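This is the structure I want to talk about, given as structure tokens.
Here, each number is a calculation from the coordinates, and none is a lab measurement. Keep in mind it's a predicted model, so treat the numbers as computed, not measured. Every residue, glycine as well, gets a Cβ built from its backbone with ideal geometry; the counts of neighbours run over all protein chains shown.
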Amino acid sequence: MLQPRSPRRLWHSVDQPWVHLVDEAKFARLLDKVRQMDHKIILAGHLPPCRGMNEECLKLMAGLPGAEPFVGPNQVDLEAMMAQMTGGGDHPH
């Protein structure tokens with residue numbers, strides 16, 4: 001079972017920020033249609049294939065709309081990170 005803060009859940013939140021905007025009931029119905037197809041493999045654009053773990057993957061997807069959205073660094077944070085990576089010196093903007 002994937003944990004609430006699993007790397008896969010985090011990646012979905014980063015890669016698909018729109019998922020927090022979907023209607024959860026409609027999304028669940030769509031996932032049920034996928035479930036009923038009973039595929040041998042589920043492919044994603046940016047993740048490894050789900051082989052033999054359809055239910056686990058679909059449960060993960062079902063929980064994404066209500067999960068905590070990823071909030072990335074702002075400009076000041078990015079500049080501080082870049083300064084650390086370049087030894088603290090100035091970097092071009």
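Using DSSP to define loop residues, name the trypsin sites (Lys or Arg not before Pro) in segment 1-73 whose beta-carbon has at most 10 other beta-carbon atoms within 10 Å. All intermediate terms of the calculation are to be shown ahead of the outcome.
Working: sites: ARG5, ARG8, ARG9, LYS26, ARG29, LYS33, ARG35, LYS40, ARG51, LYS59; in loops: ARG5, LYS40.
Sparse-neighbourhood loop trypsin sites (Lys or Arg not before Pro): ARG5, LYS40.
At GLU24 and LYS59, where each label point lies 7 Å from the Cα along Cα→Cβ, what is the point-to-point distance in nanometres?
1.7
Kindly express, to the nearest 10 degrees and within the range 0 to 90, the angle between helix 75-85's C-alpha long axis and the longest C-alpha principal axis of the chain.
The two axes meet at around 70 degrees.
I would also like to ask the following. Taking 0.36 nm per intervening residue step and subtracting the Cα-Cα distance, what contour gain separates LEU31 from GLN84 on full extension?
Numbers: separation 53, 0.36 × 53 = 19.08 nm, distance 4.30 nm.
Once the chain is fully extended between LEU31 and GLN84, it gains 14.8 nm.
Could you work out which residue, out of ALA67, ALA44, ALA28, moves most in a Gaussian network model of the chain, that is, has the largest mean-square fluctuation with Cα springs under 10 Å?
Fluctuation is largest for ALA44.
Compute the acute angle (0 to 90°) between the alpha-carbon long axis of helix 54-63 and the principal axis of greatest extent of the alpha-carbon atoms of the chain; round to the nearest 10°.
60
Quick check on the exposure proxy: order ASP23, ASP15, ASP38 from fewest to most C-beta atoms within 10 angstrom. All intermediate terms of the calculation are to be shown ahead of the outcome.
Working: ASP23 10, ASP15 14, ASP38 7.
Final ranking by Cβ density, sparse to dense: ASP38, ASP23, ASP15.
Starting with the fewest neighbours, write out SER13, SER6 ranked by other beta-carbon atoms found within 10 Å of each beta-carbon.
SER6, SER13
Quick one: grab the alpha carbon gyration tensor of segment 1-80, order the square roots of its eigenvalues as a ≥ b ≥ c, and give me rounded if a/c is under 1.5, else prolate or oblate depending on whether a/b is larger than b/c. Let's see the in-between values first.
On the way: a/c = 2.57, a/b = 1.79, b/c = 1.43.
Prolate.
Charges at C-beta only: +1 for Lys and Arg, -1 for Asp and Glu. How large is the resulting dipole of segment 7-85 about its Cα centre, in Debye rounded to 20?
Numbers: 9 positive and 10 negative charges, 89 e Å.
Value, rounded to 20: 420 debye.
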